[in-house]
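The values are calculated or read from the model by the stated rules, or taken from the named source; none is laboratory data. The structure displayed is predicted, hence computed values, not measured ones. Quick reminder, even Gly has a Cβ in these numbers, built from the backbone with ideal geometry, and neighbours come from all protein chains shown.
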Amino acid sequence: MTKNTISQLQTNVDRLWARANLGRSTEIIETRPIGDGTPYVEMMDNLYVLVFEERGKEIERQVGLTLFEASRWYVFSMATRYALNAELRDRQIPVGAPLTPHGLTDDGYSRWNWMALAIKIMDSISSDLGDWALAHYRSVLLNYPLEDYEKRNSRWPLLT
């Protein structure tokens, strides 16, 4: 059995991200806490542990991840960040839209605009990653459905 290392994880993340054709990976696999919620990696029994720490307090720990699972987490995070930035950059303010349920002017936001793009990016890396991202967001939307204004503002076909 090959011993997993942090450098293998970094190499795998960079290799997977290259398949998205969205520029070079800027993800740096940290091995010590930064304190801003950025995960760092520990090794335990040849498996990866992602530790999330913010302001000196551990807030989450994902234990026992394989190289694939840890890589998927990092690549999905990059895809989501890319998609969030694109959603904000490409957002269009609708004309004549009703107020949101919170009484605010509709600014054109829809979670689906970045979720769908993140799925597309993951699918461009591999169909398995695309299927995983789709299942993940289906689960999210099952528990937290899109609001009417999010459906109205979607630039991507909605899930049925």
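A few points about this structure:
- Meets criteria (buried (at least 16 other Cβ atoms within 10 Å of the Cβ), farther than 26 Å from P157 by Cβ and at pLDDT 95 or above) for Y109: no
- Index of the failed condition, G64 passing every other in (1) within 23 Å of M122 (Cα to Cα); (2) crowded, with 16+ Cβ neighbours inside 10 Å: (2)
- For region 84-103, filtered to residues that are in contact (Cβ under 8 Å) with a residue 24 or more places away in the chain and within 29 Å of R15 (Cα to Cα), the residue that is surrounded by the most Cβ atoms within 10 Å (Cβ to Cβ) is E87.
- Selection of first residues in region 66-83 that are closer than 16 Å to L117 by Cα and at pLDDT 95 or above and of second residues that are assigned to a helix (DSSP H, G or I) and of a type in the set (G, A, S), restricted to Cβ pairs under 7 Å at least 6 apart or on distinct chains, gives the following pairs, ordered by first then second residue: F76/A133; A79/A118; T80/A118; A83/A118.
- Within region 1-47, being of a type in the set (V, I, T), in a strand (DSSP E or B) and either touching a Lys or Arg at 6+ places or on another chain (Cβ under 6 Å) or at pLDDT 95 or above (or both) holds for one residue alone: V41.
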